[in-house]
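Here is the structure we will look at, set down as structure tokens.
The values are calculated or read from the model by the stated rules, or taken from the named source; none is laboratory data. All values reported here derive from a predicted model rather than from experimental measurement. FYI the Cβ positions are ideal-geometry reconstructions off the backbone, even for glycines, and counts take in every protein chain you see. Just the protein is used for accessible areas: all its heavy atoms, side chains included, with ligands, DNA and RNA removed. Shrake-Rupley method; radii C 1.70, N 1.55, O 1.52, S 1.80 Å.
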Amino acid sequence: MKRGLLIIMSGPSGVGKGTLRQMIMDDKDLNLYFSVSLTTRLPRAGEQNGVDYYYVTEEEFKEDIAKGNLLEHNYFVSHYYGTPKDKTEEMRNKGVNVLLEIDVNGAKQVMANCGEEDKPLSFFILPPSIEALEARIRGRRSETEEVIQERLGKAKREMSEAPNYTYSVVNDNLKEAADKIATLIKEEIAKNN
Ligand code: 5GP
């Protein structure tokens with residue numbers, strides 16, 4: 001059986017990655033498993049443990065790092081985020097394509113650790129403009145001004161990393177962006193078979 005693809009989706013905070021992810025997860029032809037990350041941040045309204053993230057303490061997170069349980073990890077705006085290694089491998093070995101929604105530093109680690117013949121397919125999601133991104137981050141109303149400024153500053157720096165990804169997709173229209181990503185994944189699945 002062909003090993004499943006490793007697919008990375010990154011993009012600045014507030015760009016709409018979560019919504020895009022849900023839309024492409026609904027496309028059953030893509031045969032995707034969403035890798036649920038560990039985080040030390042608190043759940044936002046509507047988020048569920050085990051669905052959006054596994055919410056853990058800093059102590060638990062550090063223990064996972066020490067045990068080598070994480071494929072990659074990063075410290076982002078005062079919190080740790082990381083990808084559990086076992087599940088990713090298990091699903092890929094079953095032929096399922098695994099989707100990681102991770103930041104640029106995590107993506108760099110994954111890209112550096114994959115061999116030439118096992119390169120991840122990677123997407124960088126861009127906002128139509130910085131103003132649109134700021135409006136989205138503010139619209140979430142879940143963060144203090146300091147955190148908003150920190151996320152915006154990070155977003156601008158992150159966007160300079162877009163050329164390192166296989167594809168950049170502008171999220172101007174959700175449906176169009178999701179369709180574009182789905183089409184590109186299907187092309188890669190066809191090549192992988
Ligand atoms: P948020 O707090 O908005 O859910 O996520 C903040 C950032 O962390 C986003 O850019 C998101 O993609 C990233 N992120 C989520 N999970 C992981 C992970 O497992 N590893 C890394 N490196 N970044 C992650």
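Observations on the structure shown:
- Helices (runs of 4 or more DSSP H) completely within segment 100-174 that count 1 or more residues being over 23 Å from residue 83 (Cα atoms): 130-139, 145-159
- Subset of segment 144-157 [over 19 Å from the mean Cα position of the chain (by Cα) and crowded, with 17+ Cβ neighbours inside 10 Å]: 148
- Hits in segment 33-66 (condition: within 11 Å of the ligand (Cβ to nearest atom), of a type in the set (Val, Ile, Thr) and in contact with a His (Cβ under 9 Å, 6 or more places away or on another chain)): 39, 40
- Contact annotation: residue pairs with Cβ atoms under 7 Å, 6 or more positions apart or on different chains, pairing a residue in segment 119-142 that is surrounded by fewer than 17 Cβ atoms within 10 Å (Cβ to Cβ) with a partner that is acidic (Asp, Glu), are 128/172.
- Filter result for residue 160 (within 13 Å of the ligand (Cβ to nearest atom) and open to solvent by 50 Å² or more (accessible area, probe 1.4 Å)): no
- Odd one out for residue 75 among (1) among the aromatic types (Phe, Trp, Tyr); (2) touching a residue at least 60 places away in the same chain (Cβ under 8 Å); (3) open to solvent by 60 Å² or more (accessible area, probe 1.4 Å): (2)
- Subset of segment 22-35 (residues that are modelled with pLDDT of 95 or more and either more than 11 Å from the chain's Cα centre (by Cα) or open to solvent by 10 Å² or more (accessible area, probe 1.4 Å) (or both)): 23, 24, 25, 26, 27, 28, 29, 30, 31, 32, 33, 34
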